[in-house]
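K.L.:
This is the structure I have questions about; it appears just below.
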Amino acid sequence: MDLRKLEATAEELVAPGKGILAADESHGTIGKRFEGLGIDSTETTRRDYRQMLFSTNGIGEHLSGVILFDETIRQESSGGELMTNLLKDAGVIPGIKVDKSAIDLPLSPGEKTTQGLDGLRERLEEYVEMGAHFTKWRAVITIGDGIPTRACVEANAHALARYAAHSQEAGLVPIVEPEVLIDGDHSIQQCYDASLWTLNRTFAHLYEQNVELSGMLLKPNMVISGKEAAEQSGVEEVANMTVECLLRSVPAAVPGIVFLSGGQSDLRATAHLNAMNSMYDGLPWELSFSYARALQERPMEAWGGDNSNVDAAQKAFAHRLKMNGAARSGSYDKGMEDAA
Ligand code: 13P
C-alpha cells in the first residue's frame, strides 16, 4: 500500500474552497428523483443529466472530486468522450460508489445493513483501471423505537472497516459513510447519541482492520433533529452539536470530514457547513461537503429532462458550488444567494 499516494489524494479531495459532488445514485434512487420531476429514467437521460453537471464551466474551482455510479464510470458522453475524461479535463478527481446498497438487516425490524463485500477486491481492480482514485461505501443507521440496536451498529461498522481496508489495499482512498438518518421525529440529542455511538464503533473497527486513518475520509451526517420532530434545531445548534460529537469520536489523523446533506434543504446544508467553519478555528480535520441532493436539487429541476435547459441548469449548479465553496472557509452569507 502506497500510503503517501493515499494521503495526497485525500488531501486534494479536501483542498481549501473545494468539495465533492455525490452523483452516484443507483438506478432506483435517480429514478425516484427523476420521477418526481416527470423525467423518464433511461440510460440516455441519466447520461445527459450527468453530462450537463460534469461539463459545467469552471467546476474545478469548487469541486475536487465526483463520486460516480458503476454505469457512469463506463459511459461515454453524447460527444463520444468517456465521462471520466470530462471530469479529468475539468481538474476533478473521479471516484466510485462500491457498495451494493442497503438491505433489511435480518431479525432486526426497521434496520439496514449494506452489502457488497463479496468480489470487492476484483471490482476495485477494475475501477483502478478505469481511472478511479477514491471510493465510497454507505451504511445506514435508523433512529426509532428501540433502534439502533447494537447488532446494527456493529454489523455496519464492521462492513465499513472491511470495505475501507480493501479500498486502501487497492490504492483507493475510502470515503467511509455511516449515515444516521434524518427520518423520524427524534430530537437532536437522540441524533447526537446515535452518531457518537456509531462513529466510535466505526473507528474501533477501522483500527482492528488496520485502516490507515491518514489515507481515508469520513462522510457523516450532521447532528440534527429528525425531519418530523416538533422542535427543529437551529443553525448554530447543529454546528455546535455536530463538531462536539466529531471531536469525541474522530481521530485527529483523519484529514477531512465531508458531510452528506441527508435531506436537508440546500440552503440549510450550506448554512450549517458555513457555521461550523466560522465558529471553530484550529480543528484537526478539514470540514467539507460531499452532497448529492443539496447540490443537485436545483440544477435537476432547471434541466427537467430537456437539453434546451442546459444553460439554466448549469448556472444553478455553478451557483450552489460557489455557495458551498464559500462555506468551506466560513465566508458564506445568505445575501450571496440573491446576488446570483
Ligand atoms: P445526500 O447529500 O443527498 O444525502 O447524498 C449523499 C450521499 O452520497 C448519500 O450516499
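Any read-out appearing in this document is the output of simple, stated calculations on the displayed coordinates, not a laboratory observation. These numbers come from a predicted model, not from an experiment. Quick reminder, even Gly has a Cβ in these numbers, built from the backbone with ideal geometry, and neighbours come from all protein chains shown.
K.L.:
Pull up all non-local amide H partners of PHE289: gap of 5 or more, or a different chain, and H-to-H distance under 5 Å with H placed in the peptide plane.
P.N.:
Distant-sequence amide H within range of PHE289: ILE20, PHE259.
K.L.:
Between GLU81 and ALA253, what FRET efficiency follows from the Cβ-Cβ distance if R0 is 25 Å, with the result rounded to 0.05?
P.N.:
0.05
K.L.:
Then there's this: Taking the DSSP beta bridges in the stretch 33-152 as the whole, what percent of them are antiparallel, to the nearest 5?
P.N.:
40
K.L.:
So which GluC sites (Glu not before Pro) in the stretch 202-290 pass both tests, a DSSP loop state and at most 14 other Cβ atoms within 10 Å of the Cβ?
P.N.:
The qualifying sites are GLU228, GLU231.
K.L.:
Now for a separate question. Quick check on the chain: of the DSSP beta bridges with both residues there, what percent are antiparallel, nearest 5%?
P.N.:
Bridges in the chain that DSSP calls antiparallel: roughly 15 percent.
K.L.:
Across the Cα atoms of the chain, what radius of gyration and what greatest pairwise Cα-Cα distance (Dmax) are found, in Å?
P.N.:
Using the Cα atoms of the chain, the pair Rg, Dmax is 18.7, 52 Å.
K.L.:
Quick query: amide H of ILE143 versus all other amide H atoms, modeled in the peptide plane; which residues come in under 5 Å with a sequence gap of 5 or more or a different chain?
P.N.:
LEU181
K.L.:
In Å, what is the Rg of the alpha-carbon atoms in the stretch 110-152, and how long is Dmax?
P.N.:
Cα-based Rg and Dmax for the stretch 110-152 come out at 15.0, 45 Å.
K.L.:
Please report the base-10 log of the normalised intensity I(q)/I(0) for the stretch 186-264, using a Debye sum with one equal scatterer per alpha carbon and no solvent, at each q in 0.12, 0.15 (1/Å).
P.N.:
-0.35, -0.53
K.L.:
Sum -39500 (n - 2.57) across every DSSP H segment of at least 4 residues in the chain, then divide by the residue count to get the 222 nm mean residue ellipticity, nearest 500.
P.N.:
Using -39500 (n - 2.57) per qualifying helix, the result is -14000 deg cm²/dmol.
K.L.:
In addition: How much FRET efficiency would the formula 1/(1 + (r/R0)^6) give for SER187 and LYS334, where r is the Cβ-Cβ distance and R0 is 30 Å, rounded to 0.05?
P.N.:
Working from the Cβ atoms, E equals 0.70.
K.L.:
Sort largest first and round to whole Å: the equivalent ellipsoid semi-axes of the stretch 140-229, each the square root of five times a Cα gyration tensor eigenvalue.
P.N.:
26, 13, 9
K.L.:
Taking amide H positions as placed in the peptide plane 1.01 Å from N, state which residues far from LEU82 in sequence (5 or more) or on other chains have amide H under 5 Å from it.
P.N.:
SER77
K.L.:
So if R0 is 25 Å, what FRET efficiency would SER214 and ARG150 give, r being the distance between their Cβ atoms, rounded to the nearest 0.05?
P.N.:
0.30
K.L.:
Arranged from highest to lowest average of other beta-carbon atoms within 10 Å per residue, in what order do the peptides 316-322, 116-122 appear?
P.N.:
Output ranking for 316-322, 116-122: 316-322, 116-122.
K.L.:
Turning to a different aspect of this structure: Can you list the equivalent-ellipsoid semi-axes of the stretch 22-80, largest first and in whole Å, using the square root of 5 times each Cα gyration tensor eigenvalue?
P.N.:
Square roots of five times the eigenvalues give 20, 13, 12 Å.
K.L.:
Further question: Quick one: the Cα spread of the stretch 71-139 along its three principal axes, in angstroms, biggest first?
P.N.:
48, 23, 19
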